[in-house]
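First the structure, in the form of structure tokens, and then the observations on it.
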Amino acid sequence: MSEPPFSSIGIVGLGLIGGSIALGVRQRWPSTRVFGVDADSVLAHALGDDAIERGFSNIGALPDVDLLILAAPVGQNISLLRDIRLMPGTPGDKKMVVTDVGGTKRAIVDAARALPSGVAFVGGHPLGGGERGGFAFARPDLFAGRPWIFTPAGDAGTPAVARLSEFVSGLGARAAVLTPADHDRLMAFVSHLPQLAASALMDTVGGAAKNDGLRMAGRGLADTTRLASSPVDVWRDICLTNADAIGDALDRLIQRLTQLREGLDSGDALDSIFTSAAKWRAELIKERD
């Protein structure tokens with residue numbers, strides 16, 4: 001077994017992502033010390049499942065760690081950056097790698113510029129998730145075969161990026177590097193737009209069909225709207241911190257829907273969009289085979 005890239009890790013937020021990281025680390029590197037920060041009930045669950053060694057109610061109570069992972073919603077992660085100064089040691093003496101798992105990167109990378117000089121912050125985003133959140137649904141293989149994007153503020157060849165890449169590779173993920181701006185624009189299309197479209201579609205269909213009508217629906221509606229079960233608190237922060245890129249993505253979708261609406265009688269728009277969609281769908285599925 002290879003040496004762990006980090007000997008001690010603090011995870012702030014033990015939901016689906018943070019809890020899965022903790023379980024994955026304990027499975028992959030049993031010697032690594034893992035500490036958690038969350039509510040007492042969550043900590044009790046995590047301790048009972050041996051996901052963490054000890055739990056704490058706030059970031060300032062954490063012991064010294066080599067890696068700090070902020071695994072709360074985007075807005076909370078940005079606020080938590082300020083609390084790093086409350087951790088043991090004086091601000092200038094802190095030698096620690098810090099990353100996050102949020103779905104947008106520009107805002108937190110900008111906020112991290114105010115961290116003490118000894119803290120190496122690298123924005124992070126694991127593209128692994130599930131329909132339901134919370135530690136109860138965490139599992140150690142959540143990131144297997146999935147991309148884990150890092151967004152350093154400057155040079156991608158830093159020791160912190162290398163150690164984090166080794167770390168997520170050990171959890172089964174595929175490390176990739178993008179600029180914060182490139183990440184946010186890409187995610188607006190491949191992640192944020194599908195979520196908003198699924199939620200809007202389910203709201204529209206449900207409001208029109210009502211309970212009795214939904215009982216008549218086939219599997220296609222359930223498959224298409226799976227994302228509509230996602231918790232709004234996570235997505236509120238994502239939309240707030242990526243409004244410009246998401247707005248562009250929504251405008252493009254609205255344009256396609258308008259083309260469909262205006263071409264219902266002729267069928268030309270249907271032919272064009274369905275053909276193109278089938279091609280891109282095949283490409284999407286190919287990447288998962």
Restricting segment 125-148 to residues that are over 14 Å from the mean Cα position of the chain (by Cα) and outside any helix (DSSP H, G or I), which is surrounded by the most Cβ atoms within 10 Å (Cβ to Cβ)? Pro140
Can we say Pro63 is in a loop (DSSP other than H, G, I, E, B), over 30 Å from Ala44 (Cα atoms) and touching a residue at least 12 places away in the same chain (Cβ under 8 Å)? no
Just checking, which of Ala107, Ala72, Ala46 is buried (at least 16 other Cβ atoms within 10 Å of the Cβ), in a loop (DSSP other than H, G, I, E, B), touching a Leu at 6+ places or on another chain (Cβ under 9 Å) and not hydroxyl-bearing (Ser, Thr, Tyr)? Ala72
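Do the conditions hold for Thr241, that is, is it under 23 Å from Asp100 (Cα atoms) and of a type in the set (Ser, Thr, Tyr)?
So Thr241 passes the test.
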Go through segment 26-60 and give me each residue that's in contact (Cβ under 8 Å) with a residue 24 or more places away in the chain, within 13 Å of Ile11 (Cβ to Cβ) and not small (Gly, Ala, Ser). Arg26, Thr32, Arg33, Val34, Phe35, Val37, Asp38, Val42, Leu43, Ile52, Ile59
Please give the number of the condition Ile273 fails out of (1) outside the structural domain of Ala160 (by TED's automatic domain parsing); (2) in contact with a Leu (Cβ under 9 Å, 6 or more places away or on another chain); (3) closer than 28 Å to Arg139 by Cβ. (3)
Among the numbered conditions (1) more than 13 Å from the chain's Cα centre (by Cα); (2) surrounded by fewer than 21 Cβ atoms within 10 Å (Cβ to Cβ), tell me where Ala112 comes up short. (2)
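The values are calculated or read from the model by the stated rules, or taken from the named source; none is laboratory data. Predicted, not measured: the structure shown is a model, and the values here were computed from it. Positions of Cβ are generated from backbone atoms using ideal geometry, with glycine treated the same way; all protein chains shown enter the neighbour counts.
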